[in-house]
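Below is one structure; the comments refer to it alone.
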Amino acid sequence: MVIGLLQATLSIPESHSLKDKRMVLRSLKDRALNKMNVSVAEVDQQDLWQAATLAFVTVAAEKDVVEKRLAAVSEHLRSDPRAVLLDYETHLL
């Protein structure tokens with residue numbers, strides 16, 4: 001069993017309120033949950049309306065599966081025009 005964690009720091013430059021931020025994050029999180037078989041939570045910067053830190057976690061029997069899922073998440077975050085991926089870290093357990 002392999003557990004994978006991806007922690008991503010995002011900038012949301014077009015956000016002008018926490019409500020704007022929540023709308024963008026909800027969309028990012030919903031797509032990850034539905035398409036990539038990962039769990040996700042906002043883990044830092046909850047009170048800042050133009051920044052967010054999200055943690056994505058997945059579990060699989062094989063390391064390759066976990067790595068592919070986390071790569072898909074990072075690509076999804078990079079490709080969304082509403083958020084800028086500033087930094088991310090991946091960890092496998």
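Annotations
- Output for segment 25-43, where each listed residue is in contact with a strand residue (DSSP E or B) (Cβ under 8 Å, 6 or more places away or on another chain) and farther than 15 Å from L5 by Cα: L25, L28
- The set of residues in segment 67-93 being touching a residue at least 60 places away in the same chain (Cβ under 8 Å) and either loosely packed, with under 15 Cβ neighbours inside 10 Å or closer than 22 Å to S17 by Cα (or both) consists of L77, R82, A83, V84, L85, L86, D87, E89, H91, L92, L93.
- Scanning segment 1-36 for residues that are over 12 Å from the mean Cα position of the chain (by Cα) and farther than 13 Å from A83 by Cβ turns up M1, V2, I3, G4, H16, S17, L18, K19, N34, K35.
- Residue that is farthest from the chain's Cα centre (by Cα) [pool: residues in segment 56-88 that are within 11 Å of G4 (Cβ to Cβ) and part of a strand (DSSP E or B)]: A60
- Just one of the listed residues (A60, A32, A41, A71) is at pLDDT below 95 and of a type in the set (G, A, S), namely A32.
- Being touching a residue at least 24 places away in the same chain (Cβ under 8 Å), touching a strand residue (DSSP E or B) at 6+ places or on another chain (Cβ under 9 Å) and either of a type in the set (S, T, N, Q) or more than 22 Å from L92 (Cβ to Cβ) (or both) is a property that does not hold for A8.
- Flag for Q50 being at positive phi, touching a Ser or Thr at 6+ places or on another chain (Cβ under 7 Å) and surrounded by 12 or more Cβ atoms within 10 Å (Cβ to Cβ): no
The values are calculated or read from the model by the stated rules, or taken from the named source; none is laboratory data. Values in this document were obtained by computation on a predicted structure and should not be read as measured data. Virtual Cβ from ideal backbone geometry, glycine too; neighbours counted across all protein chains shown.
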